[in-house]
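I have placed the structure first, in the form of structure tokens, so that the comments after it can refer back to it.
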Amino acid sequence: MSEVLVQMGTKGADAVLALTRQTLEKAGKDTAVGFPETNYFLPIIYGLFNAEVKTVGDCMPILAAAEGLNKNIKPANGFSIPGALGPVLNKGCATLVAIEMLTALLTATKQHPKGGIGFIPDKILRQLGIQLVDGRIAGVAVILGPAKDADSAEKLVRDFQTNSIVCLLCGSAPASPGASDKAGDSANGKTFAQQLEEKGVQIGLDNYIVPLGDDYLSAIYAVNFAIRAPLIYGGFKPGQWQGIADYVQKRVPAFIVLLSHVDEIIVAAGLGALAFGVPIITDLDVPQLPKIDTTLYEALVTEKDYKKLVSKCLLTRGIKVKVAQINVPVAYAAAFEGERVRKEQLFAEFGGKASASFEFLTSGNIEDIEDGKVEVIGPDIDNMGKGVKSLPLAIMVEVAGRKMQKDFEPILERQIHRFVNYAQGIMHIGQRDMNWIRVSQEAFNKGFRLKHIGVILHAMLHQEYSAIVDKIQVKIYTSQADVDKLLPQAKKVYDQRDERILGMTDESVDSFYSCTLCQSFAPNHVCMISAERLGLCGAYSWLDGKASHEINPTGPNQPVEKGQLLDQKLGQWKNINDYVYEKSNKTIEKMSMYSLMDSPQSSCGCFECIVAVVPEANGVMIVHRDFPGMTPVGMTFTTLAGSVGGGVQTPGFLGIGKLYVASKKFLSAEGGLPRLVWMPKELKEALGDKLKTRCRELGMPGLVDQIADETNVTTAEELVAYLEKVKHPVLNMEPLI
Ligand code: SF4
Ligand code: ZN
């Protein structure tokens, strides 16, 4: 490593450690430190040292350890980066540890963050997990500093979005010219986020752009985000620093993009990132660093040409991106899925309150379908008439293929939402006859027309479903008469599909489907998906598993024939147990499909909801990821989630997909839905009719209202009183424990 870098890093580390000591001592040992909505305290410190830091007093021994590490003295747990560069990288790690304490103090005393979201809560990490495993997110760019000008910032971020990379932003250029080597005039004092705002770019997690804060310290939020992945998904225990560092190096596809400005502290922190295998790509003239022990490829590289920067980043971190080449006049990528088209930007809309609109996909004979044919029948949006902003709309997709099955129609139809949304400037909400589509003024100006919806569906269905469809044609109708005529036919089929799914039971199928998609993060985790129980992420049903297996026979979804029934009540079969044992790397010997208490399914980390026993009530409660409040077991979702996950079985706790609550097989071994005593109101409402129907089937139509929510009770005590008041059926059930 170049002498310059070592010198800068050494100075930076010394400065940060000194500043941290001074600041902590001034604050006093009783001052609280910490971050919101996490179960991992100060995650870097918790992960590497297994220390639960809550006050400045708790920080002091850790600070001493970091100061030692900076001088290459191993702390008590032996933490030390191996290899020739170990001593230098250790300085970097000491710097990160110190910065984490500083920011935790600043956060607790409300002085941080400014200009960003600051600490990233656990729930966002969980939400992103599934997007990372299914490839919607290919990697994470931590962008430090502003681009050379606003145009370049926009261009850069668009390139990242097109490649499905999430951008975390922090740092700003020094305000006074000449304060750094290369702060271009237009970047002075600005942050990357401000440059994007100037260009009107939509910012937010949905758009893959997250500002962390306007100072360089905020970069720590990217690091303590990465370090929670092995704790949440990887099954690592705090303190297992070797496994944690190795996991981040191998499985967290993150890299740093350092722009416009560098100083000693940035170098010191950068060394810390390198220790975890996170490479740095910069537009600055700095000494280059080839591959080191911890990185996959180059550790530090310069690329001054912004046009080449993104591909250099992907290459350096070894990220492979599948970019869909779709022939439409707007940008097209998963990163545009969450983008909104607001009223002020609106050019045309369909559905919602504006007009009658629906989408429908069906399969037909190979001979009858002309692949790639897209017809718009009726006026297009350049022909709507003066002052008119909406048209009726029917999107009719016909597919054919030798391996196509009727069962796959609803699955393909559901993709219309995603595929249309990926187009920049087009918004799609809902599905079936509840859809709502908006086209922005900008997309229209670029040449987007209704026929492009057909172009997109044709290309994307081929791209993702080529194993089951060979031909696709699309007809788009925009006259009221056509839409009125076609809608009743579509509705009839929607109903038939719903009935077919409702009629499917675990008994009526011979095989369940496995899902091991999450093994890239939770190596021992296996989901078993039955006809009446979907995957815990909520994204995969039995039919999805079947289609996915047809598309990719050696992929993550395999049919597993149930085989010999071992226990009817618990839902255990010989073959299922054998399969889970094998695929969980021999960590899970048996698994019940229907029990919470006896060998329940394991959880990876991306569960929609958690079920937990409430011992006082002889029942169970459920909380979903978006509920921030307290639950009757005295824990929030975030805290509860800390005890479930990493691919382990935790009797009494279970991660589940939302819809499983309304299934006949919901915890049937423990008595089913009548065990449920508490759930957030929002979740109750989201389940709506499905829950009511299930209660009626049970002969307990009043059960929905007997289940408490946060508006009735918050503690276990209040809960018990409430259950007695409403005569909840759980009172007469056999003891749960
Ligand atoms: Fe992960 Fe299970 Fe969802 Fe598959 S079904 S993606 S393993 S959570
Ligand atoms: Zn998962």
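Which aspartates and glutamates have a Cα less than 20 Å from the Cα of K29, not counting those fewer than 8 places away in the same chain?
Here the aspartates and glutamates satisfying the reach criterion relative to K29 are E52, D58, E67, E100.
Could you check how many percent of all C-alpha pairs in segment 309-381 are farther apart than 14 Å?
Of the Cα pairs, 82 percent sit more than 14 Å apart.
Sort 272-282, 25-35 by the packing proxy (mean of other Cβ within 10 Å over each peptide's residues), most packed first.
Descending mean neighbour count gives 272-282, 25-35.
Tally up the carbon and sulfur contribution to the accessible surface of the chain as a whole percent, 1.4 Å probe, everything protein left in place.
52 percent
Computed from the mean reciprocal separation of all distinct C-alpha pairs, what Kirkwood hydrodynamic radius does segment 357-439 have, in Å?
Computed over segment 357-439, the radius equals 14.4 Å.
The chain: D in µm²/s via Stokes-Einstein (Kirkwood Rh, Cα pairs, 20 °C, 1.002 mPa s)?
77 µm²/s
Which FRET efficiency value, to the nearest 0.05, do you get for E197 and K389 by plugging their Cβ-Cβ distance into 1/(1 + (r/R0)^6) with R0 = 22 Å?
0.20
I'd like the distance separating the alpha-carbon centroids of segment 711-737 and segment 230-270, in whole Å.
45 Å
I501 accessible area, nearest 10 Å², 1.4 Å probe?
80 Å²
What's the local net charge at A539, with K and R +1, D and E -1, over the other residues with C-beta under 15 Å away?
Its environment carries a net charge of +3.
Scale the Cα Rg of segment 594-649 by the rule-of-thumb value 2.2 N^0.38 Å and send over the ratio, two decimals.
Normalised by 2.2 N^0.38 Å, the Cα Rg of segment 594-649 equals 1.09.
Cα-based Rg of segment 104-248 per 2.2 N^0.38 Å, rounded to two decimals?
Output field value: 1.11.
Compare F192, F444 by solvent-accessible area with a 1.4 Å probe and give them largest first, with all protein chains kept in place.
Result, largest first: F444, F192.
Rank these by accessible area, largest first, 1.4 Å probe: W678, W436, W542.
W436, W542, W678
Which value in nm describes the separation of the simple spin-label points at K692 and K406, placed 7 Å from the Cα toward the beta carbon?
3.0 nm
Per DSSP helix of 4 or more residues, -39500 (n - 2.57); summed, then divided by the residues of the chain. What does that give at 222 nm, rounded to the nearest 500?
So the calculated ellipticity at 222 nm is -11000 deg cm²/dmol.
Can you give me the Cα centroid spacing of segment 334-352 and segment 101-129 in angstrom?
Rounded to whole Å, the Cα centres lie 30 Å apart.
Taking Cα centroids, how far is segment 469-520 from segment 611-641 in Å?
34 Å
From the protein chains alone at 1.4 Å, what is the descending order of accessible area for D285, D382, largest first?
D285, D382
Could you tell me which helices of the chain pass both thresholds, a Cα extent of 30 Å or more along their own axis and a mean Kyte-Doolittle hydropathy of at least 0.5, with helices taken as whole DSSP H runs?
86-108
Once label points are set 7 Å from the Cα along Cα→Cβ at both H462 and N585, what is their separation, rounded to one decimal in nm?
Reported label-point gap for H462 and N585 is 4.1 nm.
Taking only protein heavy atoms and a 1.4 Å probe, what accessible area per residue, in Å², does the chain have with all protein chains in place?
With all protein chains present, the chain gives 40 Å² per residue.
Which of the lysines could be linked to K590 by a straight reach, that is with a Cα gap under 20 Å, when you skip same-chain ones fewer than 8 residues away?
Within reach: K562, K569, K574, K665.
Normalised by the number of residues in segment 62-150, what is the relative contact order in percent for Cα pairs under 8 Å and 6+ residues apart?
For segment 62-150, the relative contact order is 17 percent.
Note down the relative contact order for the chain as a percent, whole number, built from C-alpha pairs under 8 angstrom at least six residues apart.
About 10 percent, as a whole number.
Nearest-5 percent of antiparallel DSSP beta bridges in the chain?
Percentage antiparallel, nearest 5: 55.
For segment 284-433, what is the number of Lys pairs with C-alpha distance below 16 angstrom, counting only pairs 8 or more positions apart or on separate chains?
Lysine pairs, 8 or more places apart or on different chains, close enough: 8.
Defining a contact as two alpha carbons under 8 Å apart and six or more residues distant in sequence, what relative contact order in percent does segment 1-116 show?
33 percent
According to a simple spin-label model (label point 7 Å from Cα along Cα-to-Cβ), what is the distance in nm between D206 and D371?
Result for the modelled spin labels: 3.6 nm.
What is the extension gain from T362 to K725, computed as 0.36 nm multiplied by their sequence separation minus the C-alpha to C-alpha distance, in nm to one decimal?
Contour length minus Cα-Cα distance gives 125.6 nm.
How much net charge surrounds V252 when only other residues with a Cβ under 14 Å from its Cβ are counted (Lys, Arg +1; Asp, Glu -1)?
+3
With viscosity set to 0.890 mPa s at 25 °C, what whole-number translational diffusion coefficient in µm²/s follows for segment 619-683 from Stokes-Einstein and a Kirkwood radius over Cα pairs?
Estimated via Stokes-Einstein, D reaches 195 µm²/s.
Where Lys and Arg each count +1 and Asp and Glu each count -1, what net charge lies around G115 among other residues with Cβ under 15 Å from its Cβ?
-1
The values are calculated or read from the model by the stated rules, or taken from the named source; none is laboratory data. Note that the coordinates shown come from a computational prediction; the quantities given were computed from them, not determined experimentally. Here Cβ is always computed from backbone atoms with ideal geometry, including for glycine, and neighbour counts include all displayed protein chains. Please note that ligands, DNA and RNA were not included when accessible areas were found on the heavy atoms of the full protein model with its side chains. Shrake-Rupley method; radii C 1.70, N 1.55, O 1.52, S 1.80 Å.
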